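Working notes, beginning with the structure itself.
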Amino acid sequence: MAGVQDQLEIKFRLSDGSDIGPKSFPAATSVSTLKESILAQWPKEKENGPRTVKDLKLISAGKILENNRTVGECRSPIIDVPTTMHVVVQPPTVEKEKKMTSEPKQNKCVCVIL
C-alpha cells in the first residue's frame with residue numbers, strides 16, 4: 001500500500017489551457033526531472049516553446065517549485081488526483097541583454113537654475 005501512495009499522478013497545464021499528462025511519478029522525483037519530462041513531451045507545433053529546463057517554471061498550489069525539491073516535498077496537503085501543476089515558459093532574456101549592451105551608455109547631466 002505504501003508503494004501506491006509514493007506515486008503521484010501529475011497533469012501539467014500549459015499557458016494556452018492544454019495539458020501534458022496525466023502521468024505517474026514517484027514522490028522522490030525532483031522538480032528538475034519533472035521539467036525534463038515536460039521538455040520531452042512538449043508539443044512541437046506550439047510556438048515559443050522552452051529550449052532548456054531553465055526556461056520552465058512549475059507552479060503548484062500558488063508556489064513556484066524549486067528544482068532541487070522533490071515532488072513529495074511540494075505536494076499539497078489536500079490531495080487532488082491528478083495533481084495539476086501550471087507550466088510557465090520564461091521568455092528568453094538574451095534579446096534584452098543584447099539591446100542593453102549594444103546601446104552605448106550616455107552620461108547625461110541636467111542642471112536646473114532657478
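The values are calculated or read from the model by the stated rules, or taken from the named source; none is laboratory data. Here the structure is a predicted model, which is why all the values come from computation and not from measurement. The protein model used for the area step is the full one, side chains on, heavy atoms only, and it has no ligands, DNA or RNA in it. Shrake-Rupley method; radii C 1.70, N 1.55, O 1.52, S 1.80 Å.
Some notes on this structure:
Yes/no matrix, rows are residues, columns are (1) farther than 24 Å from P91 by Cα; (2) assigned to a strand (DSSP E or B); (3) open to solvent by less than 50 Å² (accessible area, probe 1.4 Å):
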{"site": "G21", "(1), (2), (3)": "no, yes, yes"}
{"site": "F25", "(1), (2), (3)": "yes, yes, yes"}
{"site": "S32", "(1), (2), (3)": "no, no, yes"}
{"site": "K35", "(1), (2), (3)": "no, no, yes"}
{"site": "A40", "(1), (2), (3)": "no, no, no"}
{"site": "K46", "(1), (2), (3)": "no, no, no"}
{"site": "N67", "(1), (2), (3)": "no, no, no"}
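- If the condition is being of a type in the set (A, V, I, L, M, F, W, C) and either at pLDDT 80 or above or assigned to a helix (DSSP H, G or I) (or both), then the stretch 1-19 contributes A2, V4, L8, I10, F12, L14.
- Filter result for K54 (more than 18 Å from D19 (Cα to Cα), of a type in the set (K, R), open to solvent by 40 Å² or more (accessible area, probe 1.4 Å) and at pLDDT below 75): no
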